[in-house]
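Asks: Here you go, one structure.
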Amino acid sequence: MHRQEGLEALGFRIVMWGLAALSFVLLLAPSLVVVVVSFTSGYSLKFPPPGYSFRWYVSLLDAWQLQFAAGNSLEIAAATTALSVLLGVPAALAIARSPTARARALDSLFMSPLVLPALSFGLASLMFFSLIGLPVSPLTLVIGHVVVCVPYVMRTTIASVAQLEFSLLESSASLGASRWYTFRRITLPLIRPGILAGAFIAFMSSFDNVPVSLFLRDARTDMLPIRMWQDLEGKLDVSIAAVSGVMIVVTLSLMILMERVAGLSRRLR
């Protein structure tokens with residue numbers, strides 16, 4: 001009996017480890033292929049490359065369209081992150097501290113953009129802005145990105161507030177501290193890692209967003225993911241692989257930094 005249970009447990013572990021390894025390969029292999037191809041010495045996206053060179057990374061120094069699109073994406077992502085933090089943190093504090101059904105309903109409402117299909121939301125946003133007479137512009141793009149990025153800030157902040165010892169707040173109040181002083185000196189430092197983690201996720205989500213940007217951008221706001229997509233459709237430019245390599249390295253570096261600063265993996269559990 002015990003031997004059978006041991007074999008079943010061993011079989012379960014083998015299956016789970018096998019599925020985990022398969023998932024890891026499926027997630028990691030495309031990125032590795034892109035990074036390897038970005039060092040090709042040829043003129044086509046061919047794997048394995050005929051040779052290796054840094055020529056396509058050097059070519060990015062003169063790729064003004066990609067640079068312009070990257071600048072726009074950084075500006076939109078920065079504005080989106082700032083507004084998402086300003087809106088998401090107070091909402092998270094109010095919802096986390098309220099046990100009422102209204103708070104739960106508001107929580108579900110704020111999380112709904114993560115459930116809706118992104119393309120449907122982008123089209124609906126375009127129709128809404130057209131209905132109220134607001135033309136597509138960087139403003140509408142930031143508004144659309146904020147709607148889909150605020151839930152990330154709220155979720156990580158709510159997780160941090162849930163781990164907060166409210167006895168500390170009660171002790172501060174009993175010693176005569178004002179609410180603002182308590183928030184500034186006790187609450188904010190304790191939930192700062194959750195805020196930083198949410199801000200990081202919001203920034204990356206905005207920078208890499210395609211569905212919302214596709215509908216809400218104008219001719220002046222060329223976004224990097226859309227520019228890469230259009231270049232791949234038109235000419236299969238190898239420099240796009242180099243851009244992808246840069247983005248992968250930068251993203252991994254930021255993730256390592258955020259893991260050290262805010263404990264990103266713990267905030268996402």
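Nothing in this text is a laboratory measurement; each read-out follows from the coordinates by a stated rule. Here the structure is a predicted model, which means the values were calculated and not measured. All Cβ positions, glycine included, derive from the backbone under ideal geometry; neighbour counts span all protein chains shown.
Asks: Counting only C-alpha contacts under 8 Å and six or more residues apart, can you give the relative contact order of the range 62-267 as a whole percent?
Replies: RCO, the range 62-267: 34 percent.
Asks: GNM, the chain, Cα, under 10 Å: largest mean-square fluctuation among GLY194, GLY18, GLY71?
Replies: Fluctuation is largest for GLY18.
Asks: Still on this structure: Would the range 62-267 count as rounded, prolate or oblate if I go by the C-alpha gyration tensor, calling it rounded below 1.5 in a/c and otherwise prolate when a/b exceeds b/c, oblate otherwise?
Replies: Values: a/c = 2.68, a/b = 1.70, b/c = 1.58.
In terms of gyration-tensor shape, prolate.
Asks: Helix 2-37 against the longest principal axis of the chain: what's the angle in degrees, Cα atoms only, rounded to the nearest 10?
Replies: On a 0 to 90 degree scale, this one is about 60.
Asks: In degrees, nearest 10, range 0 to 90: what is the angle between the Cα axis of helix 224-234 and the longest Cα principal axis of the chain?
Replies: 30
Asks: Assuming R0 = 41 Å, what is the FRET efficiency of ILE14 and SER41, from their Cβ-Cβ distance, to the nearest 0.05? Show your work: numbers first, answer last.
Replies: Values: r = 42 Å, r/R0 = 1.03.
About 0.45, to the nearest 0.05.
Asks: If you don't mind, there's one more thing I want to ask. Given a Förster radius of 41 Å and the C-beta distance between VAL25 and SER112 as r, what FRET efficiency does 1/(1 + (r/R0)^6) yield to the nearest 0.05? Walk me through the intermediate numbers first.
Replies: On the way: r = 34 Å, r/R0 = 0.82.
Given R0 = 41 Å and the Cβ-Cβ separation, E is 0.75.
Asks: Assuming R0 = 51 Å, can you tell me the calculated FRET efficiency for the pair ASP62 and LEU190, based on Cβ-Cβ distance, to the nearest 0.05? Kindly include the intermediate steps, with their values, before the conclusion.
Replies: Working: r = 48 Å, r/R0 = 0.94.
Calculated value: 0.60.
Asks: For each of PHE68, PHE129, count neighbouring Cβ atoms within 10 Å of the residue's Cβ, then give the residues from fewest to most.
Replies: On the way: PHE68 14, PHE129 19.
Listed from fewest to most nearby Cβ atoms, that is PHE68, PHE129.
Asks: While we're looking at this one, here's another question. Against the longest principal axis of the chain, how steep is helix 239-262, in degrees 0 to 90 to the nearest 10, with axes from Cα atoms?
Replies: 20
Asks: Then there's this: Which far-off residues, 5 or more places away or on another chain, put their amide H under 5 Å from the one on THR40, with H placed in the peptide plane?
Replies: Excluding prolines and chain starts, which carry no amide H, the hits are SER53.
Asks: Counting helices only, and only those DSSP H runs with n ≥ 4, report the 222 nm mean residue ellipticity of the chain as the sum of -39,500 (n - 2.57) divided by its residues, in deg cm²/dmol to the nearest 500.
Replies: Computed ellipticity for the chain at 222 nm equals -25000 deg cm²/dmol.
Asks: Another question about this same structure. For a footprinting-style exposure proxy, rank LEU134, LEU196, LEU224 by other Cβ within 10 Å, fewest first.
Replies: Sorted ascending by nearby Cβ count, the order is LEU134, LEU196, LEU224.
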